[in-house]
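**Student:** Got a structure here, written out as structure tokens. Questions coming.
The values are calculated or read from the model by the stated rules, or taken from the named source; none is laboratory data. Note that the structure is a prediction, hence the values are computed from the model and not measured. Note that each Cβ is placed from the backbone with ideal geometry, even for glycine, and that neighbours are counted across all protein chains shown. Side chains included, ligands, DNA and RNA excluded: accessible areas come from the protein's heavy atoms. Shrake-Rupley method; radii C 1.70, N 1.55, O 1.52, S 1.80 Å.
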Amino acid sequence: MRDSKKTDKIIAIYHAVEDFIAEGADLSSMRVSDIAAKAGIGKGTTYEYFTSKEELVVKAMIYLVDSMTKRILNNMEKKDSFRDKFMLLLEEMEEKVKQRACILKYFHMLSDLNLCEPMQELLQAENEEAKRANPMRIIRYLLEEGKKEGIIGERYSQSYMETILFSKVIAFVVYIDNVFGNKDCSNENIKECMYDGLCRELGA
């Protein structure tokens, strides 16, 4: 029971970090006291589980990316076709962009070379965990499913195909986030365009 309560508190801390990120906070501005308050626990309790703010934030980011990655992969496995799996990923990005909690945003933060030195050291120490939290697992899974259906060809290198598929997802996020202030068709139409373009570029 005690281990269960500990796990619940740690997960509450991780989701408090998620909430701050969704609100637009950056990693450097987060304070342990604020994170603890949002998680509904005492600041002292937080230090029972983490030795520093840097450790807390790094482990929270890894947890959040890993949780999203696993959930998306699990949901994809329930879909029957490559098209449905690809559309599911775009729908996930659409929903998370609305919440300002997109997996790509977390992944970018984990990859940020400007992280403070303690965070960089912790990421290196958590190397295996960070690898498992890599959303590129989703991209690789999608490519394999596309190949199985004969929709994705084999004429390009794996790294090039991963780049193309990843770029489609990023382009969709940029569009629905209205970065350039110009939206001349619906999100649904853009999804279809992304899928058609992907099939033309990487088709068998």
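**Student:** Out of everything in the range 143-177 that is open to solvent by less than 70 Å² (accessible area, probe 1.4 Å) and part of a loop (DSSP other than H, G, I, E, B), what residue ends up being nearest to L202 (Cα to Cα)?
**Tutor:** Filtering the range 143-177 for residues that are open to solvent by less than 70 Å² (accessible area, probe 1.4 Å) and part of a loop (DSSP other than H, G, I, E, B), the one nearest to L202 (Cα to Cα) comes out as G153.
**Student:** Out of S81, S67, S52, report the one residue that is open to solvent by less than 60 Å² (accessible area, probe 1.4 Å), small (G, A, S) and farther than 28 Å from G146 by Cβ.
**Tutor:** Just a single option satisfies the conditions, and that option is S52.
**Student:** Also, quick follow-up: Mind listing whichever residues of the range 21-45 are at pLDDT 85 or above and open to solvent by less than 40 Å² (accessible area, probe 1.4 Å)? Give the derivation first.
**Tutor:** So in the range 21-45, the residues at pLDDT 85 or above come out as 31-45.
Listed by number, the residues that qualify are V32, I35, A36, A39, I41, G42, T45.
**Student:** While we're looking at this one, here's another question. What's the number of the only condition in (1) at pLDDT 75 or above; (2) not in a helix (DSSP H, G or I) that N182 fails to meet?
**Tutor:** Checking N182 against (1) at pLDDT 75 or above; (2) not in a helix (DSSP H, G or I), the one that fails is (1).
**Student:** Another question, if that's okay. Within the range 62-79, is there a residue that is among the hydroxyl-bearing types (S, T, Y), modelled with pLDDT under 85 and assigned to a helix (DSSP H, G or I)? Write out each step before concluding.
**Tutor:** First, pick out the residues of the range 62-79 that are among the hydroxyl-bearing types (S, T, Y): 63, 67, 69.
Applying the additional criterion that residues be modelled with pLDDT under 85 yields none.
Scanning the range 62-79, I find no residue that is among the hydroxyl-bearing types (S, T, Y), modelled with pLDDT under 85 and assigned to a helix (DSSP H, G or I), so the answer is no.
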